[in-house]
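Read the structure below first, then the notes.
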Amino acid sequence: MTAFLGNILGSLLKSVYDMLSSTGLETEHFSYYAMAIIITTIIFKFVLLPVNLSQTQSSKKMTELQPLMQDIQTKYKNDPQTQQRKLQELYKEHNYKPTGGCLILLIQMPIIIAFFSVFREPAKYAFTEPGMYEAMNKSFLWMNDLGNPDPFMWGLPLIAALTTYLQSKIMMNPQKQAGTKANAQAQQAQSMQKSMMYFLPVMIFFSARSFAGGLALYWVISNLFSIVQQLISNRSSGKVKEEK
């Protein structure tokens, strides 16, 4: 499955690269390859946008329902069958599917893994003609070759870590508003998310130091797209609440 999807996504990267190659926009420090990575990542994020929006809505709905779920669990703690029935009625009333977020994530994961593989091995999935990838200009600003790891710790690895942190922080903001009425289980989940908000960027930073620069660039652009998407989503949610 990964190889199949990787070949499709690799063809997309190659098509974008070929299109850019005809523009004459390449400079010494900004290669067609770097441009192709940025544009292909944005296209990829737009393709997955409906799925990501569904996942975001599912997460928000779960956060909003947590106080009501806690009330039911407390009220019927000695009657599991009634508790389950009441929870199902609550889900139906609010049009919420508890497994929806998991299913959406399962749909995304094979595609994301395949795209990750494309940028990890571009010569295998995209630039398959013998010697093509090796001969390409792969510069990006301070980097001479996006096929190699960034030689500077303050470069793409640090930017990848910072954008990962910002994305996690922005995603947590709406949940904090609902946290005042959240139950102990929800607060524990939020505490775990807060820990991940600090741990994940550190892990990304050290991992990106060994990634090919192209892969790190993909990660940064993907994060920036998600940050903008989340900010727009948060703002839209805020307007809806004000109207109510």
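The values are calculated or read from the model by the stated rules, or taken from the named source; none is laboratory data. Everything numeric in this text was worked out from a predicted model, so none of it was measured. Counting neighbours? That spans all protein chains shown, and the Cβs are built from the backbone with ideal geometry, glycine included. Surface accessibility is based on the protein's heavy atoms, side chains included, excluding ligands, DNA and RNA. Shrake-Rupley method; radii C 1.70, N 1.55, O 1.52, S 1.80 Å.
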| query | Around residue 30, which amide H atoms from residues at least 5 apart in sequence, or from another chain, sit under 5 Å from its own amide H, with H modelled in the peptide plane? | reply | 141
| Picking from 11, 39, 72, whose Cα lies most toward the positive end of the charge dipole for the range 1-126 (charges on Cβ: Lys, Arg +1; Asp, Glu -1)? | 72
| Distance in nm between label sites at residue 8 and residue 27, each 7 Å beyond Cα in the beta-carbon direction? | 3.6 nm
| request: Return the distance in nm (one decimal) between the two label points of a simple spin-label model at residue 53 and residue 120, each offset 7 Å from Cα along Cα→Cβ. | output: 3.1 nm
| request: Please work out the average accessible area per residue across the range 1-89, using the 1.4 Å probe convention, and give it in Å². | output: 57 Å²
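In whole percent, and with a 1.4 Å probe on the protein chains, what portion of the accessible area of the range 1-120 is carbon and sulfur? Intermediate values should be presented prior to the final figure.
Details: 4410 of 7030 Å².
Within the range 1-120, the accessible surface is 63 percent carbon and sulfur.
Highest mean first, how do 197-204, 13-20 rank when packing is the count of other Cβ atoms within 10 Å averaged over residues?
On the way: 197-204: 15.1, 13-20: 18.0.
Final packing ranking: 13-20, 197-204.
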| said: Students often check this: by mean Cβ neighbours within 10 Å, which of 126-134, 64-72, 161-169 ranks highest, and how do the rest follow? | reply: 161-169, 64-72, 126-134
| message | Can you give me the long-range amide H partners of residue 145? Hydrogens built in the peptide plane at 1.01 Å from N, cutoff under 5 Å, separation of 5 or more residues or another chain. | response | 140
| query | Mind ordering 112-121, 150-159 by average Cβ neighbours within 10 Å, highest first? | reply | 112-121, 150-159
